[in-house]
Amino acid sequence: MKTKKHVFPHQQCKTNFLALRDSLELLGGKWKLFIVLRIGKNPDDLHHFKKLEKDIIGISAKVLSKELRVLEENKIITRTVQNTRPVTVTYALTKYGQSLIPIAQDLQQWGLNHRKMISGI
């Protein structure tokens, strides 16, 4: 008895490939998912730049600024200038950005499982 292979039409493969590439391009790198998880952890808190810089160990101000800008451009976060003296800026996840939380948590869990598997613990 022959088994049928599940073959996607060329256009669907191309679309799926491009969608995955877009996702990896946006979320790839060292810091973006850390930023998303940090802001998403306490969504009601005000997330100021300096607080994010302090909470995300190892990130520089320059890199944080660049990553926040990319996340804002892609509608993952909002940037709000507060009417205070001195002027302060806060960041929050958009509803769209909140959809990344379970994905990031799944990746985090996969990483924990992978570490256990590799280390034999």
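Condition test on Lys32, is it surrounded by 14 or more Cβ atoms within 10 Å (Cβ to Cβ) and either at pLDDT 95 or above or touching a Cys at 6+ places or on another chain (Cβ under 6 Å) (or both)?
yes
Among residues belonging to the range 77-108 that are over 12 Å from Pro43 (Cβ atoms) and basic (Lys, Arg), point out the one that is nearest to the chain's Cα centre (by Cα).
Only one residue fits best here, namely Arg79.
It is to be established whether one or more residues within the range 39-50 are within 21 Å of Leu107 (Cα to Cα) and not in a helix (DSSP H, G or I). I'd like the intermediate steps shown before the answer.
Quick first cut of the range 39-50, residues within 21 Å of Leu107 (Cα to Cα) only: 39-43.
Subsequent filtering for residues that are not in a helix (DSSP H, G or I) retains 42-43.
Yes.
Evaluate the following for Leu93: is it aliphatic (A, V, I, L, M), closer than 18 Å to Leu24 by Cβ and modelled with pLDDT of 95 or more?
no
Pick from the range 1-21 the residues that are assigned to a helix (DSSP H, G or I) and basic (Lys, Arg): which of them is modelled with the highest pLDDT?
Arg21
Considering only residues that are surrounded by fewer than 13 Cβ atoms within 10 Å (Cβ to Cβ) and of a type outside the set (Gly, Ala, Ser), look in the range 51-67 and name the one that is nearest to Gln108 (Cα to Cα).
Ile57
Working carefully through the options Thr90, Thr84, find the one that is assigned to a loop (DSSP other than H, G, I, E, B) and among the polar types (S, T, N, Q).
Thr84
Could you tell me whether the range 79-89 includes any residue that is closer than 18 Å to Leu27 by Cβ and surrounded by 10 or more Cβ atoms within 10 Å (Cβ to Cβ)? Working first, answer last.
Going through the range 79-89, the residues closer than 18 Å to Leu27 by Cβ turn out to be none.
There is no residue in the range 79-89 that is closer than 18 Å to Leu27 by Cβ and surrounded by 10 or more Cβ atoms within 10 Å (Cβ to Cβ).
Residue check: is Leu24 touching a residue at least 24 places away in the same chain (Cβ under 8 Å) and either surrounded by 15 or more Cβ atoms within 10 Å (Cβ to Cβ) or part of a helix (DSSP H, G or I) (or both)?
no
Within the set of pairs 6+ apart or on separate chains, which have a first residue in the range 66-78 that is in a helix (DSSP H, G or I), a second that is aliphatic (A, V, I, L, M) and surrounded by 15 or more Cβ atoms within 10 Å (Cβ to Cβ), and C-beta atoms under 6 Å apart?
Qualifying pairs under 6 Å: Glu67/Ile35; Leu71/Ile77.
When you check Ile39 against the structure, is it surrounded by 17 or more Cβ atoms within 10 Å (Cβ to Cβ), among the hydrophobic types (A, V, I, L, M, F, W, C) and touching a Leu at 6+ places or on another chain (Cβ under 6 Å), yes or no?
On the way: surrounded by 17 or more Cβ atoms within 10 Å (Cβ to Cβ): yes; among the hydrophobic types (A, V, I, L, M, F, W, C): yes; touching a Leu at 6+ places or on another chain (Cβ under 6 Å): yes.
Considered against the rule, which asks whether it is surrounded by 17 or more Cβ atoms within 10 Å (Cβ to Cβ), among the hydrophobic types (A, V, I, L, M, F, W, C) and touching a Leu at 6+ places or on another chain (Cβ under 6 Å), Ile39 comes out as yes.
The values are calculated or read from the model by the stated rules, or taken from the named source; none is laboratory data. What you see is a predicted model; the values in this text were computed from it and never measured. Every residue, glycine as well, gets a Cβ built from its backbone with ideal geometry; the counts of neighbours run over all protein chains shown.
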